[in-house]
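The values are calculated or read from the model by the stated rules, or taken from the named source; none is laboratory data. Not measured: the values here are computed from a predicted model. No Cβ is skipped: glycine too gets one built from the backbone with ideal geometry, and neighbour counts run over all protein chains shown. Ligands, DNA and RNA are excluded from the accessible area calculation, which covers all protein heavy atoms including side chains. Shrake-Rupley method; radii C 1.70, N 1.55, O 1.52, S 1.80 Å.
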Amino acid sequence: MQKLKLSTRPERQRRVLAVHDISCVGRCSLTVALPVLSAMGFETSILPTSILSTHTGGFEGYTCRDLAEDMPPIAAHWRALGLRFDAIFTGWMGTHRHIEHLFGLLDAFSDGAKLIVDPVMGDNGRLYATLDDAYVAAMRALSARADLLLPNITEAALLTGVDYPFPGYDEAWVVDMLRRLNALGRGAAVLTGVSLAPGRIGAASLNGDELIYCDDAYVPGMWHGAGDVFASVLTGEVLRDRPLSHALDTAVGFTARCIRRTRDAGTDERLGLQFETGLVELSNRY
Ligand code: PXL
């Protein structure tokens with residue numbers, strides 16, 4: 001097989017592999033990661049873990065085609081082509097088998113590739129209905145290899161075995177959780193959906209012992225796909241070597257503007273965020 005000719009120039013365009021499901025309707029996972037990373041200037045390859053008619057949040061009767069068995073032969077073909085990635089960005093994986101296949105892919109492509117893991121598993125203290133304990137265990141093992149780990153509070157509790165902080169938490173809890181997450185992964189952790197003041201919501205990380213926190217006005221609602229918009233923008237910013245505090249600021253601000261646009265449009269929240277009209281803002285930055 002003729003190998004691909006790949007650029008080795010320092011200023012070459014970076015290539016990212018996004019491994020998520022395709023939810024055909026509902027603006028999450030690959031239908032968010034691909035346009036956002038493309039707008040930010042990355043060559044974006046995709047590996048769909050499954051194809052669903054819609055995402056699973058609030059829809060009934062959705063279809064799901066499991067593509068787990070396709071993952072090893074796809075990876076083998078890419079390997080034969082001599083393909084390389086600068087980063088691998090993972091999201092919704094479907095079942096623990098997808099995560100096990102992903103380990104094979106990481107072994108084949110980890111050389112020089114940053115691993116960014118959005119451990120999509122749950123929200124509001126609950127595991128998503130289709131997932132199970134084997135999924136949580138596999139996601140914990142995947143998170144241990146992450147250079148950047150992006151859980152929300154529910155996912156952070158599941159990954160670390162800490163109880164979900166009902167009815168609430170404070171700054172000390174957030175710092176303690178970030179320390180546990182940093183110890184779990186290989187790099188930095190960013191905790192999402194963090195509220196440290198009434199009417200505010202944002203994301204937090206640690207710079208040494210110092211808490212970095214960026215927030216915006218909280219808009220009540222079930223903002224499906226907001227985590228995916230945030231994780232995609234943050235991934236792009238980090239791969240552009242932006243400092244984490246700057247990357248958090250950009251991703252929180254962008255996501256908040258998408259949420260306000262969606263609220264103002266008044267469309268069904270299950271259709272995800274109206275991010276498309278913001279893409280020009282992202283592409284103008286680079
Ligand atoms: O937005 C995260 C997500 C991704 N993919 C699928 C989902 C969800 C959240 O519910 O159901 C299929």
Mean accessible area per residue over the stretch 133-172 (1.4 angstrom probe, all protein chains present, square angstrom) is 42
Rounded to the nearest 10 Å², what accessible area does C64 show when all protein chains are kept and the probe is 1.4 Å?
90
May I ask you to order 249-260, 103-114 by the average number of other C-beta atoms within 10 Å around their residues, highest value first?
249-260, 103-114
Please report the Cα spread of the chain along all three principal axes, rounded to whole Å, starting with the longest.
59, 43, 40
The stretch 1-108: trypsin sites (Lys or Arg not before Pro) in DSSP coil with no more than 12 other Cβ atoms inside 10 Å:
K3, K5, R12
Ranked by how many other beta carbons lie within 10 Å on average, peptides 123-131, 165-173 from highest
123-131, 165-173
Percent relative contact order for the stretch 15-274, counting Cα pairs under 8 Å at least six residues apart, stands at 17
In the chain, what % of DSSP beta bridges are antiparallel (nearest 5)?
45
The ³J(HN,Hα) series, computed from each phi in the stretch 273-280 with the Karplus coefficients 6.51, -1.76 and 1.60 at θ = phi - 60°, rounded to the nearest Hz and given as x for glycine or proline, is 8, 7, 9, 4, 6, x, 4, 4
Report, in whole Å, the centroid distance computed from the Cα atoms of the stretch 20-43 and the stretch 94-165.
19
Ranked by how many other beta carbons lie within 10 Å on average, peptides 219-225, 142-148 from highest:
142-148, 219-225
Percent of accessible area on the stretch 15-274 owned by carbon and sulfur, 1.4 Å probe?
51
Can you give the FRET efficiency to the nearest 0.05 for A144 and R179, using r as the Cβ-Cβ distance and R₀ = 22 Å?
0.90
So what is the 222 nm mean residue ellipticity for the chain from helices alone, if each DSSP H run of at least 4 adds -39500 (n - 2.57) and you divide by all residues, rounding to the nearest 500 deg cm²/dmol?
-12000 deg cm²/dmol
With +1 at each Lys and Arg Cβ and -1 at each Asp and Glu Cβ, the charge dipole magnitude of the chain around its Cα centre, to the nearest 20 debye, comes out at 940
To the nearest 20 debye, what charge dipole does the stretch 1-74 have about its Cα centre, counting +1 at the Cβ of each Lys and Arg and -1 at the Cβ of each Asp and Glu?
560
Give the calculated FRET efficiency between A265 and M1 to the nearest 0.05, with a Förster radius of 41 Å applied to their Cβ-Cβ distance.
0.30
Label 7 Å along Cα→Cβ of M222; the stretch 16-35 residues with amide nitrogen under 11 Å?
none
Farthest positive-ward along the chain dipole, Cα basis, beta-carbon charges - from T31, L248, A141:
T31
